[in-house]
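Notes follow once the structure below has been shown.
The values are calculated or read from the model by the stated rules, or taken from the named source; none is laboratory data. Note that the structure is predicted; figures quoted are calculated from it, not measured. Note: ideal-geometry Cβ built from the backbone for every residue, glycine included; neighbour counts use all protein chains shown.
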Amino acid sequence: MKIVVFAAVALLLGGCTTGPVTQSGKDTYIMSATRCGACAPVQGYVTQQAGLYCTNLGKNLVVRSITGNNLQPWVPGNATIVFSCLNSDDPAYKLPDAGATPIQEH
């Protein structure tokens, strides 16, 4: 019985891997991860790791896309994030003013 419980725990905890951050363009990167069923959701995990990567560069995270599955908690989930690390003054980082009046077509 102990072997069955140990095997079940090993299956749930196994497979928690994170691939390297790979540059895919100017200021743009890709990272993939697989997380075990007992781990935090994989899409949140890759977003957190991408944010830390950008912070270490002294820049800000901009998520371009996240793909994968999130079948947890029963089986490992995987995700791939494409993100950019941008300076605060980069026009691609700046968001429109939330208080701006929307353009209306007539």
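Could you check how many residues of the stretch 41-68 are surrounded by fewer than 15 Cβ atoms within 10 Å (Cβ to Cβ), among the small types (Gly, Ala, Ser) and either in a helix (DSSP H, G or I) or modelled with pLDDT under 95 (or both)? So the count comes out to 2.
For the stretch 25-40, a tally of residues being assigned to a strand (DSSP E or B), small (Gly, Ala, Ser) and surrounded by 13 or more Cβ atoms within 10 Å (Cβ to Cβ) returns 2. Hey, among the residues in the stretch 33-50 that are small (Gly, Ala, Ser) and under 8 Å from the mean Cα position of the chain (by Cα), which one's farthest from residue 77 (Cα to Cα)? The residue in question is 50.
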